[in-house]
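The values are calculated or read from the model by the stated rules, or taken from the named source; none is laboratory data. Because the structure is a prediction, the values reported are computed rather than measured. Cβ coordinates were reconstructed from backbone atoms using ideal geometry, including for glycine residues, and neighbour counts include every protein chain displayed.
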Amino acid sequence: MLKIRLLFLFFVFLSLGINAQVLENYDGQWKSAKEESWLESNNQVELEVDLVSFPESELRIKLPSKSTVFVNGRLWQLTSGDTVFYKSTSEFRSEFGTEKATFTVVSSNLESFNTSIRKVLSRINDQELASGAVESALKFRFIPQPVRDFYFSALFIILFFVALYKLAYPYLLAVMVQPLSVISAEDFSDSGNLQKFFSFDIIFYILIVGMMISQGAVTGLVIYRREWLETWIGLDFSALLMIWLVGSFIITILTIMKFIGIRVVSYLFDLGKAEFSHFFYLLRLIVFGITVVILIGAYFVANNFAALESVFGILIAGFFWFYILGVVGLFLIMMSRLSFKKYHLFTYLCIAELVPFLILAKWIMVLGQ
């Protein structure tokens, strides 16, 4: 009698396990049903489902609100709210007379990432689905149009300001962005041209750099703190643009404060006018690095936002080591150009650069976790 009870319990547990079994998960196979453009929102996706494999299974179909669903080009379903329903695979095969069904979903709510088709052995209750893994493959596959609009609008504004700056100060811009100046380190000569920091041309240039850094920062927030943005600020175009503008001014002020801090430390170490060369040498490196981040990010925002999370992490890590190497290069240049003890010079760079930068990098790492 005991053996019979144990056998009965075994089959009960086995049936419960089978009840929750997902045979095929198509969530990561959705693709755009039309050619995407950053000027148009992505509101149409499609998926091909095999109706031959697992003929006794059911399709669990989850659709967002206000969706129009076509199967093999035929209108099949309209939804007014978020919907989850089940339909037998064999019923689909007999209804459409084909071995494969192409689902096309048209909805303005695709950014909610709640479009899902899974082939299950039997119906899975919503509680089990809620406790399951989140559809990570869809998390960034369909980027909301406001994010794309913000990214390219901010990029256009930055390019517009750069064009204005080039018209007003062509020589200074050429000096600022000349790559060979990083190698030659002309600013460390006695004839350095950047000796008036608090002038309009320098502040304007720092504002443009702040706008570039702020765009990268907002992109990082969209990638790593999307839920926080949606909850507290919003993910619409105006909210992202406001964050970017506020961030640009804050970064500009912090950059000015950094120069003042470098000037104070340089005065304490009696380095003379070295703070100008120090500041603008590393500022060039920041401009080069953040330009690479923005341009590569623009490609993935326009073409494959799903891959931007991993690419952006690599870009930020690359920027970190690029800046560290820049500080090392600055140390070598200052050691050869200035008559200063190596120990004091290393201490100066640690106080003025390395310690603040590593603290900032730690905050960014916490943000990305």
For this session: Sort out which residues of region 263-286 are β-branched (Val, Ile, Thr) and out of contact with any Phe, Trp or Tyr (no Cβ under 9 Å at 6 or more places or on another chain), and write them in order of number.
Result: Val264
For this session: Looking for whichever is farther than 18 Å from Ile316 by Cβ and touching a Phe, Trp or Tyr at 6+ places or on another chain (Cβ under 6 Å) here; the options are Ile253, Ile208, Ile260. Which one fits?
Result: Ile208
Exercise. When you look at Val287, is it in the same structural domain as Leu173 (by TED's automatic domain parsing), part of a helix (DSSP H, G or I), out of contact with any His (no Cβ under 9 Å at 6 or more places or on another chain) and over 22 Å from Ile208 (Cβ atoms), yes or no?
Worked result: no
Exercise. Which one of these does Met335 not meet: (1) out of contact with any Leu (no Cβ under 7 Å at 6 or more places or on another chain); (2) modelled with pLDDT under 90; (3) among the hydrophobic types (A, V, I, L, M, F, W, C); (4) over 20 Å from Leu221 (Cβ atoms)?
Worked result: (1)
Seminar exercise, completed: Within region 110-151, the residues that are modelled with pLDDT of 55 or more, buried (at least 17 other Cβ atoms within 10 Å of the Cβ) and assigned to a loop (DSSP other than H, G, I, E, B) are Asn114, Thr115, Pro144
For this session: Report yes if Ser238 is of a type in the set (Gly, Ala, Ser) and buried (at least 18 other Cβ atoms within 10 Å of the Cβ), otherwise no.
Result: no
Problem set entry | Residue list for region 63-78, filter: buried (at least 19 other Cβ atoms within 10 Å of the Cβ) and either free of Cβ contacts under 8 Å to residues at least 24 places away in the same chain or farther than 15 Å from Thr102 by Cβ (or both) | Leu63, Pro64, Ser67
Problem set entry | Matching residues, region 44-54, being surrounded by fewer than 18 Cβ atoms within 10 Å (Cβ to Cβ) and either at pLDDT 85 or above or in contact with a Ser or Thr (Cβ under 6 Å, 6 or more places away or on another chain) (or both) | Glu46, Glu48, Asp50
For this session: Please work out which residue is nearest to Val105 (Cα to Cα), limiting yourself to region 64-89 and to residues that are outside any loop (DSSP other than H, G, I, E, B) and charged (D, E, K, R).
Result: Arg74
